[in-house]
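Trainee: The structure that follows is given in the form of structure tokens.
The values are calculated or read from the model by the stated rules, or taken from the named source; none is laboratory data. Just so we're clear, the structure is a prediction, and the values are computed from it rather than from any experiment. Every residue, glycine among them, receives a Cβ derived from its backbone with ideal geometry; neighbour counts consider all protein chains shown.
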Amino acid sequence: MAGGKLQAPRGTFDVLPADAQRRDRLVELSAQVLEGAGYGRTETPVFEDTALFARGVGESTDIVQKEMFTFEDKGGRSLTLRPENTAGICRAYIEHGMHKLPQPVKLWSWGPFFRHEAPQAGRYRQFTQLDAEALGSDDPSLDAELIVLLAQILERSGVKARLLLSSLGNAETRAEYGEELHAHLRAHESELSDEVRARIDTNPLRAFDSDHPGTRAAMAEAPRLIDRLDAEDTVHFAEVRALLEEAGCAYELDHTLVRGLDYYTRTVFEFASDDLGAQSGVGGGGRYDGLVEKLGGPPTPGVGWAAGVERILLASQATTEGSAGTRAYVVVAKADERLRAFGLVNSLRAAGVTAEMEQAGRSFKGQMKQADRVGATHVVIVGDSLEVKDMHTGEQREVASLEDAVEAVGR
Ligand code: HAM
């Protein structure tokens, strides 16, 4: 069948080898930082029951209302490609009875997530998140630890980001504050944007997110949740702040910080990079003390974050340094030496040396050029004689056997 040009679906991208290297390095670095703090890696499915996200993320959120890739399977079940990780992790915590383990249970993961958003730089329909969660304790040191760990990952990745911090208190405080805010919004209804006005009843907090000038003016005078926290939440937040200060982790208080997910209680935070333009959020998270219970588990506090791999790499100032270590290129100087060259490449690899050989029919000169292109530190020329060239010094010498060649390169 003749057809048009096939392209990757809108909002998706291919990862090609040069990018893959940077991604792998970021994941390795994150594994090091997180495993070093006792977080164990987990994987949950990329699709889950739609009900998990409706209940977990919240019916009134943009994610659930507009952005989920939802489909019916052949058995008529409604499934959704996961838009975020926290709901799935809580589901797994309940399903595997992890509340019976010593608490807190510390988990990290990375993988693809899906949101049907309008694509732009740094915003995709399939993207990759790094995620860390600590369940089963409301100790403020977990909030601070998680924030510090993400700050370390960002710093070591060469990302400069500001940490915005706030506290949303508990559900009761939020409900009371919600009524107060609701009354304020009703009193200023005519100044608000249509979108904010439509959500006065379902999600009044989102009004703080608006760019609309009238809404912003009305919100400047709005009551602040941070001023309404109860005594326990106030102490909790003060401890989180003291711990961050102790760790030398700078933050800015931002009482308008509203995250796009409904499950948050107490601490919320976001790392914003000025190098990213409109999509400035490189990572964010907070505490979700009611979520496990809401999903049918025992009352369980939790806190965590997710960071966007693509956004970290976009914001990263770190130059991509070439891969270090020895890299050999085996030049086939005579066509009938291909067998020997192939054997040599395998011996080099078995000895732990990154090695490649000529596989595209290049001339001798072309092969030497190719050795340069791949960044070879050593070239082994297999012809009538066997020669090893050190590409840094330019020194070239003959060796007696394949074993000697492996040794000369590996040394
Ligand atoms: P989130 O703020 O929705 O939080 O997403 C976390 C990060 O994922 C964002 O800061 C951003 O870097 C990246 N991200 C989100 N959407 C996109 C997109 N369309 N394209 C590219 N990157 C994107 C959560 O997902 C929560 N589950 C975080 C959390 C964990 N809270 C507690 N535990």
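Trainee: Check GLU395, GLU358, GLU387 and return the single one that is charged (D, E, K, R), over 30 Å from LEU107 (Cα atoms) and either within 16 Å of the ligand (Cβ to nearest atom) or crowded, with 21+ Cβ neighbours inside 10 Å (or both).
Mentor: On inspection, the qualifying residue turns out to be GLU358.
Trainee: Pairs needed: first member in segment 278-290, under 14 Å from LEU135 (Cα atoms) and at pLDDT 95 or above; second member anywhere, small (Gly, Ala, Ser) and within 7 Å of the ligand (Cβ to nearest atom); C-beta distance under 9 Å; at least 6 residues apart or different chains.
Mentor: GLY285/GLY304; GLY285/ALA306; GLY285/ALA307; GLY286/GLY304; ARG287/GLY304; TYR288/GLY304
Trainee: Now a separate question. May I ask you to list the residues in segment 252-272 that are at pLDDT 95 or above and away from the ligand (no atom under 16 Å from the Cβ)?
Mentor: If the condition is that a residue be at pLDDT 95 or above and away from the ligand (no atom under 16 Å from the Cβ), then GLU252, LEU253 are the ones that fit.
Trainee: Search segment 244-265 for residues that are closer than 13 Å to VAL303 by Cβ and pair each with any residue that is away from the ligand (no atom under 15 Å from the Cβ) and assigned to a loop (DSSP other than H, G, I, E, B) when their beta-carbon atoms are under 8 Å apart and the residues are at least 6 apart or on different chains.
Mentor: That search, which allows pairs on different chains as well, returns THR265/GLY169; THR265/ASN170.
Trainee: Sticking with this structure for a sec: Show me the strands (runs of 3 or more DSSP E) entirely contained within segment 351-411 in which 3 or more residues are of a type in the set (A, V, I, L, M, F, W, C), under 13 Å from VAL331 (Cα atoms) and modelled with pLDDT of 95 or more. I'd like the intermediate steps shown before the answer.
Mentor: Details: elements: 354-357, 378-382, 386-390, 396-399.
Filter on segment 351-411 gives 378-382.
Trainee: Can you find, within segment 120-138, the residue that is nearest to the ligand (Cβ to nearest atom) among those that are at pLDDT below 95 and within 18 Å of ILE63 (Cα to Cα)?
Mentor: Step by step, filter segment 120-138, then rank; the result is GLY122.
Trainee: Quick one: GLN21 ticks every box in (1) closer than 30 Å to ARG373 by Cα; (2) within 14 Å of the ligand (Cβ to nearest atom); (3) at pLDDT below 95 except a single one, so which number is it?
Mentor: So the condition that GLN21 fails would be (2).
Trainee: State the number of residues belonging to segment 279-304 that are of a type outside the set (Val, Ile, Thr), in a strand (DSSP E or B) and near the ligand (Cβ under 7 Å from one of its atoms). Please lay out each step first, then the result.
Mentor: Pass one, segment 279-304, residues of a type outside the set (Val, Ile, Thr): 279-281, 283-291, 293-299, 301-302, 304.
Keeping just the survivors that are in a strand (DSSP E or B) gives 281, 283-287, 302, 304.
From the residues that got through so far, the ones that are near the ligand (Cβ under 7 Å from one of its atoms) too are 281, 283-286, 304.
Residues in segment 279-304 being of a type outside the set (Val, Ile, Thr), in a strand (DSSP E or B) and near the ligand (Cβ under 7 Å from one of its atoms): 6 in total.
Trainee: Contact list please: Cβ distance under 6 Å, first residue in segment 117-138 and closer than 16 Å to ASP14 by Cα, second residue assigned to a strand (DSSP E or B) and more than 8 Å from the ligand (Cβ to nearest atom), pairs at least six apart or on different chains.
Mentor: Sorted first by the residue in segment 117-138, then by its partner, the pairs are GLN126/PRO112; GLN126/PHE114; THR128/PRO112.
Trainee: Among ALA218, ALA231, which is of a type in the set (A, V, I, L, M, F, W, C), surrounded by 18 or more Cβ atoms within 10 Å (Cβ to Cβ) and out of contact with any strand residue (DSSP E or B) (no Cβ under 9 Å at 6 or more places or on another chain)? Don't jump to the end; show me each part of the working.
Mentor: Numbers: ALA231 fails: surrounded by 18 or more Cβ atoms within 10 Å (Cβ to Cβ).
The match here is ALA218.
Trainee: Can I ask one more? Residues being part of a helix (DSSP H, G or I) and of a type outside the set (Asp, Glu): count how many of those fall in segment 133-189.
Mentor: Going through segment 133-189 one residue at a time, the tally reaches 27.
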